[in-house]
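Novice: The structure's right below; bear with me while I get my questions together.
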Amino acid sequence: MGILNRHIARPLLAAGLAALFVAPALANEKVKETGIVLRMQNEDGELNGKKRVTWPSIVKMLNDKLGNAQQVNIYTDVCNDGGLIKAAMDADNGLTPKYVIGTSIDECDSSEDGCGNINENPPGRLKVGSNYYFSYKAYLTKRIKAMPKPTVKQAHDSADADANADDDLDQDAQYKAGPGANEGLKIDEGMMSSHALVFGGDCNSLYFAPVRELYKCLRALGFTEEHLYYNQYSNQNLPEGGKMSGPGTKANFMKALMDLKACVDMNPGKETVTMFLFGHGFQEDKNVCRPPSAIPGEPKQGEPVPGSDEGKTLGLATGPDFWARIKEDALEDDPTLHAVELPHFFFAASEHFLTSPMIVELSDGLGGPPVFAGFFDPAQLQTVPGSDAGLIEAPLDPRAIGDLVLLYDGLPQLEMRLQLVPGDFLRIAIEDDLFHDPTYPFDTYGVGIRTEVVGATAMTAPPCSADLDGDGAVGSSDLALLIGTWGATAPAGTLLLGDVNFDGVVNATDLAELIGLWGPCP
């Protein structure tokens, strides 16, 4: 099969929810991605990178839907997923139900996920079919298989210990028990009953086999009910029992929480919920300005920006990671990396009236010279009929990026000045618009800068690339997956479900190769 290029997305400040797909097993290689945000696929299945659910948003949803739970236990294997613990511990908007959270990594690093044909250190990797899997989620699954009904702390601690001992993983898992939480509670133990949710948002390039094994284990434990949402998979019965409730979309996440809410509200304080969240994430630091007049839970209460000669100045959080990435993405000549696109300025408005281009300048706020980021024409606004909202994403001039680094490299904060002509007006969207305003049509908010870089790493091609579901054989389920993604496209070398020969399109060539590989994998 030759060389497979694995693309590693490394975004700067903005984030997205995107489509899911399952990677074929690799010959002892690992996947590494970055992120803070749990990405999920679009409701229409498109991979456009604009759908997102942030950790603070998840906390807000859990508070709203599961506030009556006896306890909420959350295990997550998403890059930078320690951000969930940070959000849960927020003094003003933290998680209110009693909770235990186990994450694969801290809030600043990347999780890893691997598969190989070697059962090496630590001995006893998770074996599914002919493959061995190693990651936080794989070791979590292995622990639950080996020791039915572990306590919520044991499940995390054992997965963390195995991940730390694995020579192919470099992770720093995090754990937090909230006030009043029972760490000795078994994962399926509720006063009245217990419920499990396995949810895979954007699992591009991650492995499905450990998740499927986990779901099988949870069903065997005797939860009152279990739900599995994953990948681009439709609602279907699984051969081993149970069912796939559907794809890992934002809408399905909300639906799952509503179903759980009905259960916990029936017996307040007596039902436990154990959640397993998997996928990719992007770092996000959107510099959302929440003025004192912002009313929690109310839409269209973001920062107003009226037209004036003075303009409106907002603080833009930066820091070492920001500067390292923007220099790497835009300025360094690194043959192992190539920029997907130039850094972009973006802003989301919950309402707007713009007749002329908006001027954007960046400075240190201490008297240093401003860096002109550009004129942003209202013609660039994405709008939806019947809505006053608007969204601009426009590339920054490379000279502006160069000037920005030359003048202000390393500053922890910049100032961003937005100047509208007198008579124009906009109100910057806040997170509340996403969840509380049915007329707000976008899945982004705030103002900031984003960029993305892709690293190409040569890897050995999978020994059985047509084994799309990772069960160790090529058969009818793989054929169904290929047919289900017929015609899908992606950049050549990118892992795309159904693209057996990695040419960037699912077509008759892939079908022929799959049929030629029918049967057990070598």
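Novice: Efficiency by 1/(1 + (r/R0)^6): what FRET value for K255 and D92, r their Cβ-Cβ distance, R0 = 35 Å, to the nearest 0.05?
Specialist: Working: r = 28 Å, r/R0 = 0.80.
My answer for the efficiency is 0.80.
Novice: Just to be sure I understand: if I project the alpha-carbon convex hull of region 153-230 onto a plane and average over all orientations, what area do I get in nm²? Mind dumping the intermediate values first?
Specialist: On the way: hull surface 26.2 nm².
Quarter of the Cα hull surface area: 6.6 nm².
Novice: Once the whole set of protein chains is in place, how much accessible area is left on K261, using a 1.4 Å probe, in Å² to the nearest 10?
Specialist: Here the residue's solvent-accessible area equals roughly 60 Å².
Novice: Further question on the same structure: If packing is taken as the average count of other Cβ atoms within 10 Å, what order do 413-423, 124-134 fall into, highest mean first? Display every interim value, and only then the final one.
Specialist: Numbers: 413-423: 17.4, 124-134: 21.2.
Highest-to-lowest ranking by the protection proxy: 124-134, 413-423.
Novice: Determine the order of R399, R219, R212 by accessible area, beginning with the largest, at a probe radius of 1.4 Å. All intermediate terms of the calculation are to be shown ahead of the outcome.
Specialist: Numbers: R399 170, R219 95, R212 50 Å².
Most to least solvent-accessible, the answer reads R399, R219, R212.
Novice: Still on this structure, please answer the following. Please compute the length gained on full extension between E183 and M266, using 0.36 nm multiplied by the number of residues separating them and subtracting their Cα-Cα distance. Working shown, then result.
Specialist: On the way: separation 83, 0.36 × 83 = 29.88 nm, distance 2.40 nm.
Extra length available between E183 and M266 comes to 27.5 nm.
Novice: Bin width 5 Å, alpha-carbon pairs only: give the P(r) of region 75-206 as whole percents, running from 0 to the bin holding the largest distance.
Specialist: Bin by bin from 0 Å, the calculated values are 2, 10, 19, 22, 21, 15, 7, 3, 1, 0.
Novice: Something else now. With no solvent and one point on each alpha carbon, what is the Debye value of log10 I(q)/I(0) for region 89-153 at q = 0.18, 0.23, 0.28 Å⁻¹?
Specialist: -0.81, -1.05, -1.24
Novice: Here's another thing I want to ask about it. Could you grab the relative contact order for region 184-282? Cα pairs under 8 Å, six or more apart, rounded to a whole percent. Kindly include the intermediate steps, with their values, before the conclusion.
Specialist: Details: 163 pairs, mean separation 41.3, N = 99.
With pairs under 8 Å counted, the relative contact order is 42 percent.
Novice: Something else about it: Can you pull the accessible area of T313 for me, 1.4 Å probe, Å² to the nearest 10?
Specialist: Using a 1.4 Å probe on the heavy atoms, I get roughly 70 Å².
Novice: On to the next question. Carbon-plus-sulfur fraction of the accessible area of region 127-260, 1.4 Å probe, in percent?
Specialist: Answer for region 127-260: carbon and sulfur cover 47 percent of the accessible area.
Novice: Let me ask another. Equivalent ellipsoid semi-axes for region 118-267, as square roots of 5 times the alpha carbon gyration tensor eigenvalues: give them largest first, rounded to whole Å.
Specialist: Each semi-axis is √(5λ); the values are 25, 20, 14 Å.
Novice: Same structure again: Pairs to check: K86/K243; K149/K261; K65/K86; K60/K145; K127/K250; K142/K176. Give those whose C-alpha atoms are more than 28 Å from each other in this structure. All intermediate terms of the calculation are to be shown ahead of the outcome.
Specialist: Working: K86/K243 33 Å; K149/K261 24 Å; K65/K86 20 Å; K60/K145 32 Å; K127/K250 31 Å; K142/K176 21 Å.
Flagged as over cut-off: K86/K243; K60/K145; K127/K250.
Novice: Beta carbons within 10 angstrom, averaged per residue: use that to sort the peptides 181-188, 514-521, highest first.
Specialist: Values: 181-188: 18.4, 514-521: 15.1.
Answer by packing, highest mean first, reads 181-188, 514-521.
The values are calculated or read from the model by the stated rules, or taken from the named source; none is laboratory data. Treat the numbers as computed from the prediction; the structure is a model and nothing was measured. Methodologically, a virtual Cβ is constructed for each residue, glycine included, from the backbone with ideal geometry; neighbour enumeration extends over all protein chains shown. We work out accessible area using only protein heavy atoms, side chains counted, and drop any ligands, DNA or RNA first. Shrake-Rupley method; radii C 1.70, N 1.55, O 1.52, S 1.80 Å.
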